[in-house]
Amino acid sequence: MLEAFIAMVIFLCLAASAFASMAIWPRLPARHRDDDTNTVVRLAANLFGVMTSLMLGLMINSAKNTFESIDHNVHAYATELILLDRTLRQYGPETDTVRQPLVAYVQRVVTTSSQNSETTIAANQLSEHLLTEIGSRLNALTPPDAVRGSLLQDGRQRLQKVLELRWILVEQSEGAIPWPLIAMLVTWLALIFASFGFRAPKNAITLATLVISAALIAGALYLILDMDVPFSGPIQISPAPLERALAELQR
């Protein structure tokens with residue numbers, strides 16, 4: 001919702017700057033409306049256009065890297081959950097009490113993913129309780145021989161890895177594009193649209209072109225910001241790895 005609100009604000013800023021420039025230009029003194037002034041305005045707009053293109057490229061690259069990194073960590077997270085369950089099964093029926101909260105935890109993660117939740121893997125009390133319960137029950141096991149002792153040690157390491165990946169995903173879910181960068185980009189775009197309105201004719205085609213252009217730019221920025229926060233919005237990390245992990249745990 002925050003990304004959509006920002007996109008709407010961007011659209012209003014761009015459209016308003018163009019329309020304000022279009023309305024103010026006829027009221028300017030004649031010396032502010034000559035060809036030399038218009039040339040300077042166009043040159044400044046070209047400069048901002050180049051800087052905006054570079055900034056958009058950096059934002060797209062940052063959002064893409066964030067998305068790919070989180071997607072990789074989600075796959076690794078699901079893999080560790082499956083391997084932890086396999087290790088517990090190899091230990092024997094004594095680990096059934098450990099696997100119960102593990103299955104419940106993975107089921108909760110998958111459920112929140114299917115509900116388009118922004119807290120897919122984020123910290124909450126129930127998830128914390130389930131993970132703590134898994135660790136407590138795992139530590140309560142007493143291996144009768146060296147083989148099971150090795151499996152128990154492997155299970156503890158797997159659980160530790162699951163906890164590490166979970167907190168990595170929690171930290172990565174907040175986005176990496178800084179807000180001052182977004183504010184600067186919107187300011188540049190507003191100046192560019194203001195230059196569009198400078199000496200622009202007041203007719204339906206011009207107004208429609210400015211509105212559509214502002215909407216498309218705002219939509220593009222919305223998708224970039226949404227990709228930077230990949231647990232919500234139209235561009236999301238696929239929950240398929242976690243769903244496959246749950247299917248393996250429930251077999």
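Which members of the stretch 201-245 meet the condition of being crowded, with 19+ Cβ neighbours inside 10 Å and aliphatic (A, V, I, L, M)? 210, 214, 217, 218, 221, 224, 225, 227, 229, 237, 242, 245 - these are the residues of the stretch 201-245 that are crowded, with 19+ Cβ neighbours inside 10 Å and aliphatic (A, V, I, L, M).
Only one residue in 245, 240, 214, 176 is in contact with a Leu (Cβ under 6 Å, 6 or more places away or on another chain), over 30 Å from residue 25 (Cβ atoms) and of a type in the set (A, V, I, L, M), so which one is that?
245
Would you mind stating whether residue 113 is part of a helix (DSSP H, G or I) and at pLDDT below 85? So residue 113 fits the description; yes.
How many residues are under 12 Å from residue 138 (Cα atoms) and surrounded by 22 or more Cβ atoms within 10 Å (Cβ to Cβ) when one looks only at the stretch 92-112? Qualifying residue count, the stretch 92-112: 3. Among the candidates 55, 51, 22, the residue that is in contact with a Gly (Cβ under 8 Å, 6 or more places away or on another chain), of a type in the set (A, V, I, L, M, F, W, C) and in contact (Cβ under 8 Å) with a residue 12 or more places away in the chain is uniquely 22. Please determine whether any residue of the stretch 184-201 is free of Cβ contacts under 8 Å to residues at least 40 places away in the same chain and within 30 Å of residue 39 (Cα to Cα). Checked against the condition, which is being free of Cβ contacts under 8 Å to residues at least 40 places away in the same chain and within 30 Å of residue 39 (Cα to Cα), the stretch 184-201 yields at least one hit.
With respect to the conditions (1) in contact (Cβ under 8 Å) with a residue 24 or more places away in the chain; (2) over 17 Å from residue 23 (Cα atoms); (3) open to solvent by less than 70 Å² (accessible area, probe 1.4 Å), residue 174 falls short on a single one, namely (3).
The values are calculated or read from the model by the stated rules, or taken from the named source; none is laboratory data. Everything quoted here is computed from the prediction, not taken from an experiment. Cβ atoms come from the backbone with ideal geometry, glycine included; neighbour counts cover every protein chain shown. Side chains included, ligands, DNA and RNA excluded: accessible areas come from the protein's heavy atoms. Shrake-Rupley method; radii C 1.70, N 1.55, O 1.52, S 1.80 Å.
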